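In what follows, a structure is listed as structure tokens, so that the remarks can point back to it.
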Amino acid sequence: MPGADQTYEFRRLILPHLDGAYNLARYLMRDPHLSEDVVQDAVLRAFRSFGQYRGGSPRAWLFTIVRNCCRTAQAGRAGKVSLVITESALSDEAAAELSHKADPGPTPEEEVFRKADVDRVRSAIEAIPEPFRETVVLRDLEDLSYAEIAEVAGVPIGTVMSRLSRARAMLAKELLPAAEADGEQSRSVK
Amino acid sequence: MPACVDQEMLLGGLVDGELDAANTAIVEAHVARCEGCREELDRLQAVRNLIRSDGVRHAAPDALARKIAAMPELTPKAANENRVLRWLGPGAVGALAASLAMVSFVTPATTAAVDQELVSSHVRSLQPGHLTDVQTTNQHIVKPWFNGRIDFAPPVPELAAQGFPLVGGRLDSIDGKTVPAIVYKRRLHTVNLFVWPTKEGGDRAFVKEGFAVREWSSNGLRFAAVSDIPPSELAQFQALFQQSTR
């Protein structure tokens with residue numbers, strides 16, 4: 001178990017990337033409650049193996065662990081149906097939503113439009129298969145470099161590039177106006 | 001007109017700024033004379049902008065962030081306390097933490113551990129989206145927001161005229177207790193003021209990990225201000241705060 005200095009280092013280097021860790025887990029698991037569990041588990045694992053962290057991108061290091069925890073959780077889940085929604089989890093969400101409303105945000109109309117747009121993009125990302133989904137999330141939402149994505153996914157950079165290209169082609173087909181989709185379709189056959 | 005198959009990955013690299021100078025020049029030259037690749041480049045930009053729109057990225061729920069920040073493993077405490085928590089097992093820890101918060105302050109952690117937590121919580125609050133749960137420059141919004149979330153009422157004076165504008169408040173975790181953090185700004189810097197009930201204690205001022213910390217007690221409450229502003233300015237903050245709450 002790491003000592004006090006390391007605990008501080010961990011909190012300073014790793015915990016600031018909690019949003020990213022959750023975002024990644026959320027898109028890999030596609031379930032808010034499972035994502036929270038996985039992130040907690042991943043942070044604990046990361047802390048216990050913090051001694052093995054050898055510099056480099058702390059985000060890529062944490063994301064590697066988050067990704068592996070997601071894979072493990074999904075493997076354990078396959079074939080089983082277990083969905084437990086606790087009351088406290090629900091009220092947390094309700095509380096979060098309430099506190100968000102205090103923000104002087106956009107007008108209600110803008111909010112509806114924006115939310116519809118955001119939901120559309122989110123569902124489109126959730127709909128594309130792995131490993132394309134994790135690649136595009138790491139690149140376009142988490143802004144990882146190709147080299148960092150290669151580290152997280154454990155594949156060469158060339159593979160990252162081709163996965164990203166495929167992922168974006170799938171998303172373009174889903175999200176961009178259909179009028180332009182002709183060329184897209186003829187190419188995706190190849 | 002379709003894009004050239006051999007260029008697709010390179011177009012992505014171009015959009016992402018991941019190509020070296022030589023390849024950038026080659027792809028740019030190709031795009032300049034190939035209509036299909038130009039269209040593809042536009043589509044790539046468009047889809048990339050859509051994915052990157054505000055709100056698509058999920059932020060960790062506040063409750064999760066607090067839970068993780070308060071994990072006993074991640075909290076340097078007296079060794080024996082940790083052992084007890086581990087012995088009780090992970091399931092009991094949450095319940096124990098909750099009951100500690102209710103019964104309160106039976107087992108104060110060592111001062112050094114609390115000092116560390118103050119600084120860590122300050123650092124953590126600076127990450128995007130974590131500074132305030134309630135965001136407002138109005139003290140009459142911050143104060144009621146804490147009602148029902150904590151069982152005491154911290155003073156929330158407005159100090160904008162004196163150079164420390166109020167920006168909001170949030171709940172944080174110090175020493176296993178849920179405590180309010182009142183957030184002020186000083187120019188571009190952040191001052192976190194943590195408040196919890198305690199028996200009287202003396203004033204303290206120190207610098208830890210480059211952050212200035214000042215603690216004082218008043219009316220049965222302990223105040224701890226943490227910031228990266230110079231210690232002299234934090235002393236000024238304390239003086240102003242005490243004046244306006246007297």
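The values are calculated or read from the model by the stated rules, or taken from the named source; none is laboratory data. Since this is a predicted model, take the numbers as computed values, not measurements. Here Cβ is always computed from backbone atoms with ideal geometry, including for glycine, and neighbour counts include all displayed protein chains.
Quick test for you: out of B:Arg66, B:Arg33, B:Arg57, B:Arg38, pick the one residue that is charged (D, E, K, R) and assigned by TED's automatic domain parsing to the domain that holds B:Lys177.
Being charged (D, E, K, R) and assigned by TED's automatic domain parsing to the domain that holds B:Lys177 holds for just one of B:Arg66, B:Arg33, B:Arg57, B:Arg38, which is B:Arg66.
Answer with yes or no whether A:Asp41 is over 21 Å from the mean Cα position of the chain (by Cα), among the acidic types (Asp, Glu) and over 14 Å from B:Ala59 (Cα atoms).
no
Counting just the residues of segment A:134-177 that are polar (S, T, N, Q) and more than 9 Å from chain B (Cβ to nearest Cβ), which one comes out farthest from A:Tyr22 (Cα to Cα)?
Among those residues, the one meeting the criterion is A:Thr159.
Which of the residues belonging to segment B:38-51 are in contact with a Leu (Cβ under 7 Å, 6 or more places away or on another chain) and within 11 Å of chain A (Cβ to nearest Cβ)?
Residues satisfying the conditions are B:Glu40, B:Arg43, B:Leu44, B:Ala46, B:Val47, B:Leu50, B:Ile51.
Can you tell me which residue is farthest from B:Arg170 (Cα to Cα) among those in segment B:184-216 that are modelled with pLDDT of 90 or more and among the small types (Gly, Ala, Ser)?
Applying the filter and picking the extreme gives B:Ala205.
Please state which of the following conditions B:Val167 fails to meet, knowing it meets all the rest: (1) surrounded by 15 or more Cβ atoms within 10 Å (Cβ to Cβ); (2) closer than 24 Å to B:Ala113 by Cβ.
Condition (2) is where B:Val167 drops out.
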